[in-house]
Each structure stands twice: as C-alpha cells, then as structure tokens.
Amino acid sequence: MEIKKCCLFTTIIFVFQTCLFGQYEIQSVPKEKVDITDGFWFSRLMTNHNATIPHILNNIQGPGYLQNFKIAGGYDKGGFVNGTANSSDDIKVYKYLEAAAYSGALFDDKELIAHTDALWDTVLAAQQTDGYLCSRFILGEEDRKMNRIGYGYQMYAAGHLIEAAIAHYDVTKDRKAIDAAIRFADLIDSLVGPGDEKIQDVPGHQNIELALIRLFHVTLNEKYLKLSKFFIEERGK
C-alpha cells in the first residue's frame, strides 16, 4: 500500500511539473477533434443545451447576478444586490457564459452565441480602469478590495472570469473578454506573489490556479504560470 501511495504521489508531482515547467507532454484533446452523435452523453448534451442553459439564464436574470454588473457598469442605479447567501453572484454569470459558449459552438447555435456576446458587453462595462472586476467590491466594501484576497470570493470570481473569457475567445475569436481577463490577471499579478512588496496570501477557494495555467496556454506569458505556482506552494506551507 505504501508503495502504491508513493507511486501515486510521484505521478502527481511529475504531471504538475510537466505542465508547469514547459514539457507539456499531456495535452487535452481539442473539442474540434471530438464528435458525440448518439448515446448517453449526446442525450445529456442535448438536455444541457435545451433545458439547463435556458434555466440558468432565467436564474441569473433574477435579483443580483447580472443586475450587479448593470449597476456597476452604470446601466442601473443602486448598490450591491445579494442574490445568494455568500455573495458569489458574479461566478454564476461567468459559468453561464462559459457553458453557453461551448454548447452554442457544439450545436452551431448562432443565436445563443450572439446572445452571450451581448451579455459580455454588460459584464465588461463594470470593469474598472485598473482591470479589477468583482461587482461586490466595486459597489461596496472598497476598503477590502485586493487587500485580503482570500475574502469575498475575489480570486474565485477572477478564475471563473478567466475560464469564461477563454471559452468566448475559443468560440468567437473576439478578444474583448479575454483582454478583460488578462487585465484582471495582470492586476492580481502586480499585487500578489513572492516578495515583501506584494501580498502573500492564497484564495479562499482553489480555482484561479487552473485558470491561470489555461491563460498561459492562450497567451504563452509565463508570469501566469508563476503566479499559479505561487498560489499552490503558498497554500501548502
């Protein structure tokens, strides 16, 4: 049993180092190379496209969620509207945008893709000039913005923003969302990391680490890999 545990641990370390330091021997299969045309997974994909994604859209049009982006972007007036118990409303919007982009591409649903593209305009109108984008701290609690990165789902939201923006860019080749995600990632990188002059803290939830690795694959900018590595190693101390 101990030998098996040792082998598993060694494999995990090898995979992590391979991905992080430039070997890239393990690659995901591009979605264009996979066709699912029948069976269990095709029925699940159809249900996701025809029922789940419309249901989520209806949900995020309720109090909070998209409403907070509209307020932060100047389309509506008011303060932060708490749509959930933990103020993670932005994340639900990003997960919808990511899922709708990929499903729209899978089923060649141009109307859905166009709709998500329009929603991105609403979301990105809330982004601040320094790249920051988290509606809760734009509309209130500004004294806690980026000084306690483990607080209030800030890094968790940033990670989901990056993932959704990559999906939008992958499907449309439009750069507006990915460029916004890069600006937020650059802000985080400028403030967080090793060194006495930076914040040395970890996110409340692991998510941005994987998103930063994916952002590296899109941009080939190694600072995103290094920031991901910092978060992982800092958490392990």
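A short reminder: the numbers here are calculations on the coordinates, not readings from a lab. All values derive from a computational prediction rather than experimental measurement. Positions of Cβ are generated from backbone atoms using ideal geometry, with glycine treated the same way; all protein chains shown enter the neighbour counts.
Points to keep in mind about this one:
- For Ser88, the shell of other residues with beta-carbons less than 12 Å away shows a net charge of +1, using +1 for Lys and Arg and -1 for Asp and Glu.
- Expressed in units of 2.2 N^0.38 Å, where N is the residue count, the Cα radius of gyration of the range 39-235 is 1.02.
- Between Gln206, Trp41, Ile71, the Cα set farthest toward the positive side of the dipole of the range 39-235 (charges on each charged residue's Cβ, about the Cα centre) is that of Trp41.
- Residues Tyr96, Tyr153 arranged by fewest to most Cβ contacts within 10 Å: Tyr96, Tyr153
- For Gln128 and Leu45, the difference between the fully extended length at 0.36 nm per residue and the C-alpha to C-alpha distance is 26.3 nm.
- When the helices of the chain are scored as -39500 (n - 2.57) per DSSP H run of n ≥ 4 and the total is divided over every residue, the value at 222 nm lands at -19000 deg cm²/dmol.
- Members of Lys145/Lys198; Lys95/Lys145; Lys31/Lys173; Lys31/Lys92 lying beyond 18 Å, as alpha-carbon distances in this model show: Lys95/Lys145; Lys31/Lys92
- Exposure proxy shown here: for Trp120, Trp41, the number of other Cβ atoms within 10 Å sets the order, fewest to most, as Trp41, Trp120.
- Remark: spin-label model distance Tyr75-Asn147 equals 3.2 nm, labels positioned 7 Å along the Cα→Cβ axis.
- DSSP-loop chymotrypsin sites (Phe, Trp or Tyr not before Pro) across the range 48-81, with at most 11 other Cβ within 10 angstrom: none
- Proximity of backbone amide H atoms, modeled 1.01 Å from N, is registered between Val192 and Ile199 at under 5 Å, excluding neighbours fewer than 5 places apart on the same chain.
- GNM flexibility winner over the chain from Leu124, Leu220, Leu112 (Cα, springs under 10 Å): Leu220
- Of the trypsin sites (Lys or Arg not before Pro) found in the range 131-208, those in coil by DSSP whose Cβ has at most 16 other Cβ atoms within 10 Å are Arg148, Lys173, Arg175, Lys198.
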